[in-house]
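Chemist: First, the structure itself, so that you have it in front of you.
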Amino acid sequence: MSKKIAILATNGFEEIELTSPKEYLEKQGWTAEIVSPESGKIKAWAKTDWGKEYPVDKTLDEASAADYDALMLPGGVINPDSLRRDEKAVAFVKAFFADRKPVAAICHGPQLLINANVVDGRSMTSFPSIRVDLENAGAIWSDEEVVTDNGLVTSRTPDDLPAFNKKMVEEFNEGRH
């Protein structure tokens, strides 16, 4: 069954944390669209410096959670910090949770989930530096390569991408939770 996945990102996303999941989703025969507050192109962060630019498929003004089966949130330090201050981005994320659609977030991506008020009581993992932020928001944090909680998939770093991608597809296949 074909699915349509939103990848919410802005300038400063960790390149491999967007490209690896996007390619993995597309290998399933699914559509994976980059949704961003910006139109045109957004610039990746590649480990220690700016990376390539990637075309935005839809702006937040053009996209609706109703158009998608699931949501993927790449990390990077700049990307989630920018998105969590954007009311439209936070509302977009909240809509997936309100509709009980699966969501996957890696590295610093869960910072956006804190601002969407959707982590309280959930088992999660993340990049270690935001552990306390997640725990203060009510998440039950553990240091594992991938953690799943009722349709929410989280991972720590790019090293976890193989496990993250596999579990993400499994949860996205299951659909609403």
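Chemist: Only residues that are of a type in the set (A, V, I, L, M) and assigned to a helix (DSSP H, G or I): list them for the range 1-41, please. Before you say what the answer is, go through the steps one by one.
Modeler: Keep residues of the range 1-41 that are of a type in the set (A, V, I, L, M), which gives 1, 5-9, 16, 18, 25, 32, 34-35.
Within the range 1-41, I16, L18, L25 qualify.
Chemist: Follow-up question, since we're still on this one. Quick one: would you say A44 is in contact (Cβ under 8 Å) with a residue 40 or more places away in the chain, buried (at least 21 other Cβ atoms within 10 Å of the Cβ) and not in a loop (DSSP other than H, G, I, E, B)?
Modeler: Criteria not met by A44.
Chemist: Further question on the same structure: Pairs, please: C-beta under 7 Å, at least 6 apart or cross-chain, first residue without any contact (Cβ under 8 Å) to a residue 40 or more places away in the chain and in the range 109-125, second of a type in the set (S, T, N, Q) and surrounded by 22 or more Cβ atoms within 10 Å (Cβ to Cβ)?
Modeler: If the second residue must be of a type in the set (S, T, N, Q) and surrounded by 22 or more Cβ atoms within 10 Å (Cβ to Cβ), the pairs left are M124/T154; T125/T154; T125/S155.
Chemist: Tell me yes or no: at least one residue of the range 122-140 is within 16 Å of L18 (Cα to Cα), touching a helix residue (DSSP H, G or I) at 6+ places or on another chain (Cβ under 7 Å), surrounded by 19 or more Cβ atoms within 10 Å (Cβ to Cβ) and at pLDDT 95 or above.
Modeler: yes
Chemist: Now, a different point. If only one of K166, K101, K94 is over 19 Å from L18 (Cα atoms), part of a helix (DSSP H, G or I) and either within 14 Å of the chain's Cα centre (by Cα) or modelled with pLDDT of 95 or more (or both), which one is it?
Modeler: Residue meeting the stated conditions: K94.
Chemist: If the Cβ limit is 9 Å and pairs must be 6+ apart or interchain, which residue in the range 63-84 that is surrounded by fewer than 24 Cβ atoms within 10 Å (Cβ to Cβ) and of a type in the set (D, E) pairs with which residue that is at pLDDT 95 or above and part of a helix (DSSP H, G or I)?
Modeler: D69/F172; D81/Q111; D81/L112
Chemist: Take the range 115-163 and flag every residue that is hydroxyl-bearing (S, T, Y) and not in a loop (DSSP other than H, G, I, E, B).
Modeler: To start, the set of residues in the range 115-163 that are hydroxyl-bearing (S, T, Y) comprises 123, 125-126, 129, 142, 148, 154-155, 157.
Of everything in the range 115-163, those that are hydroxyl-bearing (S, T, Y) and not in a loop (DSSP other than H, G, I, E, B) turn out to be S123, S129, T148, T154, S155.
The values are calculated or read from the model by the stated rules, or taken from the named source; none is laboratory data. The structure displayed is predicted, hence computed values, not measured ones. For neighbour counting, all protein chains shown are included, and Cβ atoms are generated from backbone atoms with ideal geometry for every residue, glycine included.
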